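Heads up: the structure comes next, in structure tokens.
The values are calculated or read from the model by the stated rules, or taken from the named source; none is laboratory data. What you are looking at is a predicted structure, and each value in this text was computed from that prediction instead of being measured. Here the Cβ positions follow ideal geometry from the backbone for every residue, glycine too, while neighbour counts run over all protein chains shown. We work out accessible area using only protein heavy atoms, side chains counted, and drop any ligands, DNA or RNA first. Shrake-Rupley method; radii C 1.70, N 1.55, O 1.52, S 1.80 Å.
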Amino acid sequence: MTRPAWLAQLWTLAPVLAALLLTSLLLVAFGASPAEAFSAMWQGAFGSQDRLLTTVAFWIPLLLSALGLLVSFRAGLWNIGIEGQFILGAIGASWVALSLQLPAPLQISLEVLAAMAAGALWAALAGLLKRWGVHEIFGGLALNNLAVILTNFMISGPWQPPEGGSFRGTAPFHADALLPLVGSTRFSLVALALAGLAFGLVLLALRNSRWGLRLKALGRNPRSARLLGVSSRRETLLAMAFCGALAGLGGALRVLSWFDSLRQSISGGIGYLALMVVILAAFRLFWTPLVAFFFASVLSGSIVLQLRTQLHSSLGDILTGVMVLLVLLFGNREVLQTWWSEVRSARRTPGRQS
Amino acid sequence: MRVELDKISKSFGPVQANRGISLTFEAGRIYGLLGENGAGKSTLMKILSGYQTPDSGRILLDAVPQQFRSPLDALAAGIGMLYQDPLDVPPFTVLENYLLGQPGGLAIPRRTAADQLRQLGQHYGFDVHPHERIEDLSLGERQQLELLRLLSGGAQLLILDEPTTGISAEQKSVLFNSLRDLARKERKTLILVSHKLEEVQDLCDQAIVLRQGDYVGGAKLPCPSRKLVNLMFAELPRRAPRPRPVAGTPQLELRDLVVRTPRLALQPVDLSLHAGEVLGLAGLEGNGQELLLRACAGLLPLAGGELRLAGQRQPRLDYLAARKLGLHYLAAGRLEEGLVSGMTLAEHMALVSQNGLFVDRAASRAQTRRQIKQYQIVARPGSRVEELSGGNQQRVLFGLLPDDAQLILAEHPTRGLDLRSSDWIWQQLDLRRREGAAILFLSADLDELLERSDRIAVFSGGRMSRLLDARQTSLNELGHLIGGGA
Amino acid sequence: MIFHKKVVFAVLLSLTLVLGACAPAASQPDAAAGEDAAAEGLTIGLILVGPRNDHGWSQAHYEGGLFVEEHLPGSQVIVFESLNPADKPEATVASVVADMVEQGAKLIITTSDEFEEDTTTVAASHPEVVFINVSGDDARTGEAPANLGNVMGRMEDMKAIAGCAAALNTQTGHIGYVGPLINHETIRLTASAYLGARHCYETYRGEDPAALKFDVTWIGFWFNIPGVTLDPTEVANNFFDTGVDVIMSGIDTTEAIDVTAQRAAADEAILAVPYDYLNACDSAPAFCLGVPFFSWGPAYLALAESVAAGAWEQSWDWNAANWDALTDPGQTDVGWLDGPALQGQAASDLHDFIAKLAAGEVDLWAGPVNLRDGTVYVAAGQSATDEQIWYLPALLQGMGESQ
Ligand SMILES: Nc1ncnc2c1ncn2[C@@H]1O[C@H](COP(=O)(O)OP(=O)(O)OP(=O)(O)O)[C@@H](O)[C@H]1O
Ligand SMILES: [Mg+2]
């Protein structure tokens, strides 16, 4: 019944490998060479310093969201609303960027704080809805839609660029509002440092804080946790807000470094991608950055893949999707089970309080 | 079928759970497996049923050695087990759960399968509803269902690990009747693991006793209970005398307290419980005593009346607030409501006893070690609670009670404990009450109620009887009141 | 259970090993051939905002690329499709351009106004490569670096023809226009359609032009993004439900004609004018009045030839139709193709209108032209300049608008 520990650790890689195999089959079916395709992807992700930095730049917001999810999952929460929290972070940062003009360090600090606050607030809203009997999956999805609508309203209304008209996004922010970038890439050392900080914070929270212990108890057995003195209301809100703050930070980096303005579809599903990352990482802290990096590399590499092979452009999406599917199918039945019973209980008792 | 265990050994780290145990089980007989908490009963049975593999030793069925890789393997060979802790409840219906265990499984048409299941239930005297959800069933009903699944899976040898701890007296007598039939009429072998000597005497043909991982002897039943007790415990348990009540200030006062749930409404209750006093609640499961206990802890909302803790009126009591006032609740389902699977003892300790932002691991480990010693728990600070034997889990729960607990509310405080452990738990509770704590508990064990309480209240149909003086009343009177008499 | 997993895994593993061993050997030769060809001729990067087979805007560009490959020996077009943050959060114009340059692209065409700003920025960091942004105006305003030019087809005339076709066929006097997002390009195209419709409603049908209802609904983007834009299918249905009997499309995709086909199949007397892509009528010929289309082949070929010859110079091109070959995508940048539903008097009226436009006998932009809020944009007796048309700030008086 018990597998050796090292095997359990490496088991994470099994679905990744299997997905690579399946994608290879697909490639062959399309008449392309898997070896060539994967080498193109490798090139695209790591082929030059700029490319590597671009991959890293894409990885950072994804990582931040995934780190946040580790915390909310620890408390047993399915924070699907992370996508919306990410977007709200972007909006929060944009708000400061568009309305203030301060020296860069101060300006950027304020933007980051506003983003984290906005993300946390959006997440707390899902937490409150849960208290009132709306399961966080449904509350989260609704808030995601609302976040998209809010973005569209802002960029086509109050924050419309002066030349008017376009639905694409706001005008670029002033230079002091943007993160300093390395060379001609979208990579920012500040962003990397923030991600490192966030990792340390999550590590501390989950491994060493009493709060982390309370979340663990709550996530594993809310009824026991209550009898042991854990307030599910308080901790649910806090865990959501913590996750939202990190996602919001991710959203801020997206507008302040990846782009230079608030755009339509600012996230493009990074929140959902982060959900896949933590599931694939089986909720383990040290695997999360690796899996996130793997996802970032695959997607980033698929750009060159498309240019080289001129195959269908969503090969990267297919690869990541297949991978997560495989994880669910045979990598981590536990996850599937808890997810399934969550969804079922959510469907059955929308009014349930916990 | 003749089942032999040949020199079975199993250890968990430093703990030797089974040491070279050899036993034989014959068809058509009912065996009682006895032993104190942590003696290794569950472990031995899990090995026999393929849930765990032995470190060494063999299992032989009709003299053929077997190797079980999983409970399914064992069931295919004719061995089925009902576990002590009900496994996690999957989100299935009764029927789905049943189908999953069938060879051919989901391919069987549902209609046919549902009929099959109903008939099977009738045959063994169980009332089965195929489309109910498992999570909505009572523990007793889940047991019945599991039993049917095992029987239809072809079990010749059935193991029941403490099957009577959580079920009502009625369900128990249904269960025992069908077990007798299984042995007598269908020539099945049955093994009953239990701490209740009367049960074993009543049902079993032969007793088998384990102590600290060793087989220490057996006896044909019925036999004098003394003999079994002597085998079970190296030293005879000392019965602690009941202390004199020392009534202090009121800790808990109820005036016209009303509690309502969809199933049952509790009639207005008046009650006061003083420091140093023990009040026992009697009654068949589901007659209101649980509601009262939970309402007093702020785990259920009040529908009316007044509740005071240490003289303070509590119009909207919440359990988390109540804890701060020194009220503590011990629920019956240890792993379901009380302890958190997957967390270690030390983590539990840190959770309830530390303040501050960070966990002081060294301190919580030291403190856990002290509690382990004081409460004689067979475990290490790093053990996860689900690894402990049932009795040890109960001890952990008590070990987590803070020293300054003023009011202890307990459901079935000694459920699943052996004689010595339960006596010991009561010693601990008596210590607490001497320090001024008030204790309110409910139990299904009338002897325990009579012996441990100062006063007893009996519940029937949501109505509480007058308060009885435990020294003055009798088993008869309790029985009469439980049955709804005045 | 575990045993089972192992088997599956082992099978998968051996399968790939086998595949891995055979596959590369099979496809290496063409890869090498591709590289050789690229080394000789011109490599062109083509960045699409939508999928290359959208039967609309992006496909028209994609086919323009194929046209170049066909007519310029040795040239090769590398395509990157669906570059928008919703579909490709991981890609930016800059990163795709960098990859294309590395692949040897000497001419990079970004085919959406979405890319206008990013193209201007990225062009500055690759001065050795020629960039063309379709539909932008940076080369006109002087914001563009020297290696960036703009191309656009003069679709306004074709939209006027489309509007005319709609007006000649409406029975209810109510035309619906499914608009994308609001910018200068879409405003002037929509206004042109209205001007054409108005002119023909009055001239050929003898009706009061003020009685013609012409309603525009902006969905919010070039194509449907569920949850983000209005759903064009719903917009189209809504038009038909409120009295519209001819619908015009201004978006990149085919919902307008699809909805028309569905509802017309249930005997509703309704018609559609799709947009953008030469073969757009094909999906529902019986209800299609014709299509104003872009054909990027000729313009792209001219660009590619001048870049290949080292003769390219910065310009802002607003290419008018080749009136003599209005239906031939190989000869005109914008065109109009009659649809099978255009019949009888309406067809001859439309051809008369086209002839007059070609001859310059009709000037739709002759004053007075008033904006929607009533302000005079072109005074009576004057005609709009190119600049006035390009930068038209709002829809015109007489048009209905919602979003
Ligand atoms: N999975 C495990 N990991 C570590 N220790 C274990 C595990 N399972 C059992 N043990 C230890 O083995 C010993 C025997 O446990 P077992 O559950 O067999 O006792 P038991 O006789 O059933 O006791 P009880 O009457 O309390 O249920 C105990 O000390 C227990 O802590
Ligand atoms: Mg046991």
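Working from Cα pairs under 8 Å separated by at least six residues, relative contact order for the stretch C:261-354 is 30 percent. Dipole of the protein assembly as shown computed with +1 at Lys/Arg Cβ and -1 at Asp/Glu Cβ about the Cα centre; of A:L203, B:A275, A:Q43, farthest Cα towards the positive end is B:A275.
The Kirkwood hydrodynamic radius of the stretch B:250-482, based on inverse pair distances between different Cα atoms, is 18.3 Å. Normalised by the number of residues in chain C, the mean separation of alpha-carbon contacts (under 8 Å, six or more apart) gives a relative contact order of 16 percent. With semi-axes defined as the square roots of five times the eigenvalues of the C-alpha gyration tensor, the equivalent ellipsoid of the stretch C:244-379 measures 30, 23, 16 Å, largest first. As a test, work out the antiparallel percent of DSSP beta bridges whose residues both lie in the stretch B:250-482, rounded to the nearest 5. Roughly 55 percent of the DSSP beta bridges within the stretch B:250-482 come out antiparallel. The angle between the Cα long axis of helix C:2-40 and the main principal axis of chain C comes to about 70°, on a 0 to 90 degree scale.
When peptides A:106-115, A:26-35, B:387-396 are sorted by average Cβ neighbour count within 10 Å, with the highest value leading, the order is B:387-396, A:106-115, A:26-35.
Pairs of Cα atoms in chain B fall into 20 Å distance bins, from 0 up to the last occupied one, in shares of 22, 54, 23, 0 percent. FRET efficiency for the pair B:D73 and A:L150, taken as 1/(1 + (r/R0)^6) with r the Cβ-Cβ distance and R0 = 51 Å, rounds to 0.35.
Stokes-Einstein diffusion coefficient for chain C at 37 °C in a medium of 0.692 mPa s, Rh from the Kirkwood formula over Cα pairs: what value in µm²/s? The estimated diffusion coefficient comes to 145 µm²/s. Note on chain C: with charges restricted to the Cβ of Lys and Arg (+1) and Asp and Glu (-1), its dipole about the Cα centre is near 680 debye.
Taking a 27 Å limit on the Cα-Cα distance, which of the listed pairs B:K172/B:K227; B:K41/B:K373; A:K216/C:K88 fall beyond it? Over 27 Å apart, Cα to Cα: A:K216/C:K88. Taking every DSSP bridge with both residues inside the stretch B:3-232, close to 55 percent are antiparallel.
Specify which residue in the list B:L228, A:L128, B:L5 is farthest towards the positive end of the charge dipole of the protein assembly as shown, using unit charges on the beta carbon of Lys, Arg (+1) and Asp, Glu (-1), about the Cα centre. Of B:L228, A:L128, B:L5, it is B:L228.
Taken per residue, the accessible surface of the protein assembly as shown reaches 40 Å², heavy atoms only and a 1.4 Å probe.
Result for chain C in a Gaussian network model with C-alpha springs under 10 Å: among C:A311, C:A264, C:A144, the largest mean-square fluctuation is at C:A311. Residue separation of B:D6 and B:L320 scaled by 0.36 nm, minus their Cα-Cα distance, works out to 107.9 nm of gained length. Across 10 Å bins from 0, what is the distribution of all Cα-Cα pair distances for the stretch A:57-288, in whole percents? Result, from short to long distances: 9, 35, 34, 16, 5, 1, 0 percent.
Between B:S56 and C:T121, the modelled label-to-label distance comes to 7.2 nm, taking each label 7 Å out from Cα in the direction of the beta carbon.
Buried surface between chains A and C: roughly 4100 Å² of accessible area, summed over both sides, computed with a 1.4 Å probe on protein heavy atoms only.
Note on the stretch B:251-381: with charges restricted to the Cβ of Lys and Arg (+1) and Asp and Glu (-1), its dipole about the Cα centre is near 560 debye. In degrees between 0 and 90, to the nearest 10, how far off the longest principal axis of chain B does helix B:169-186 point, with axes built from Cα atoms? Roughly 10 degrees between the two axes.
Ranked by solvent-accessible area (1.4 Å probe, protein heavy atoms only, all chains present), the residues C:K213, C:K88, A:K130, B:K7 order from largest to smallest as B:K7, C:K213, A:K130, C:K88. The calculated 222 nm mean residue ellipticity attributable to helices in chain C amounts to -13500 deg cm²/dmol, summing -39500 (n - 2.57) over DSSP H runs of n ≥ 4 and dividing by all residues.
For the stretch A:192-237, calculate the relative contact order in percent as a whole number, restricting contacts to Cα pairs under 8 Å that are 6 or more residues apart. Computed value for the stretch A:192-237: 21 percent relative contact order.
Taken about its Cα centre, the stretch A:57-288 carries a charge dipole of roughly 1180 debye when the Cβ of each Lys and Arg holds +1 and the Cβ of each Asp and Glu holds -1. For the segment A:207-217, counting C-beta atoms of other chains within 10 Å of every residue's C-beta and taking the mean gives 5. Considering only Cα atoms, the convex hull volume of the stretch B:3-232 works out to 120 Å³ per residue. Taking 20 Å as the cut-off, the amide N atoms of the stretch B:441-473 that come nearer than this to a point 7 Å along the Cα-to-beta-carbon line of B:D127 belong to B:460-462. In the protein assembly as shown, the DSSP beta bridges split such that about 40 percent are antiparallel, to the nearest 5. Per-residue accessible area (protein heavy atoms, 1.4 Å probe) orders C:D99, C:D338 as C:D338, C:D99, starting from the largest. How many percent of all Cα-Cα pairs in the protein assembly as shown sit more than 53 Å apart? Result for the distance tail: 41 percent. Shielding of peptide A:34-43 by partners, expressed as the average count of other chain Cβ atoms within 10 Å per residue Cβ, is 3. Among C:P340, C:P89, C:P329, which one moves the most in a GNM of chain C with springs linking Cα atoms closer than 10 Å? Result for chain C, Cα springs under 10 Å: C:P89 fluctuates most.
Largest first, the residues B:R471, B:R111 sort by 1.4 Å accessible area into B:R111, B:R471.
Against the compact-protein benchmark of 2.2 N^0.38 Å, the Cα-based radius of gyration of the stretch B:256-366 scales to 1.28. Taking label positions 7 Å along the Cα-Cβ direction at both B:D202 and B:D136, the computed distance is 3.1 nm, reported to one decimal. Calculated mean residue ellipticity at 222 nm for chain B: -9500 deg cm²/dmol, from DSSP H runs with n ≥ 4 weighted as -39500 (n - 2.57), summed, divided by the residue count and rounded to 500. With a 10 Å cut-off around each Cβ of A:297-307, the average count of Cβ atoms from other chains is 5.
Of all the options C:P285, C:P368, C:P51, the one that moves most in a Gaussian network model of chain C with Cα springs shorter than 10 angstrom is C:P368.
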